[in-house]
Amino acid sequence: TRNCITNTTASCSSCWETSYTAFQTQTLDCIRGVCPYCSWTNFTVFPCSASCNTGFQLQTRQCLTATGQACGTCDGSDVISQPCTQLPACPDLCPINSHIERNYTDCSITCQNRTGNLPCTVRSVGCVCDAGYLFDSIGGQCIQECDCGCTDSGSHYRAVDIF
């Protein structure tokens, strides 16, 4: 046990880095007569676990002596996990020739139903064909209307079909 008295570090110079203005007591295991002063290294910050929307970032540090040896007497945690902040929104993935819509009424005309006699559906989010394109339920993608094909006797044929 060492005692540091007001505004001096003389009696504890190998254990304390700064002067103290009050009476303090320090108890540490001594190795070869020198008390190790343990302190945290700076945090090593790892990249965020995601590049968009939300993710977590780990930060680690080590408790070391002044000579760089491991020391187990530092207060606090050696690992911090925190949410990443200010990440850009992830791009919404929709098929080619379409885009994302939010809070919309879907009354889509499709290649298979160009009359638009289908009931409308209110949707919170979904992919909608770009202007000049219609959804082809056979191919599962948005195509130009001229590539939709035709309907004959209740059967739909794509533009490339021979019937």
If residue 96 satisfies every condition in (1) modelled with pLDDT of 80 or more; (2) surrounded by 10 or more Cβ atoms within 10 Å (Cβ to Cβ); (3) of a type in the set (A, V, I, L, M, F, W, C) but one, which is the exception? (2)
Condition first: touching a residue at least 40 places away in the same chain (Cβ under 8 Å) and among the hydrophobic types (A, V, I, L, M, F, W, C). Now tell me which residues in region 93-149 satisfy that. 96, 111, 142, 143
Give, as residue ranges, the strands (runs of 3 or more DSSP E) completely inside region 55-153 that count at least 1 residues that are within 30 Å of residue 36 (Cα to Cα) and of a type outside the set (D, E, K, R). 56-60, 79-83
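The values are calculated or read from the model by the stated rules, or taken from the named source; none is laboratory data. Values in this document were obtained by computation on a predicted structure and should not be read as measured data. Neighbour counts are summed over all protein chains in view; Cβ atoms, including those assigned to glycine, are modelled from backbone coordinates with ideal geometry.
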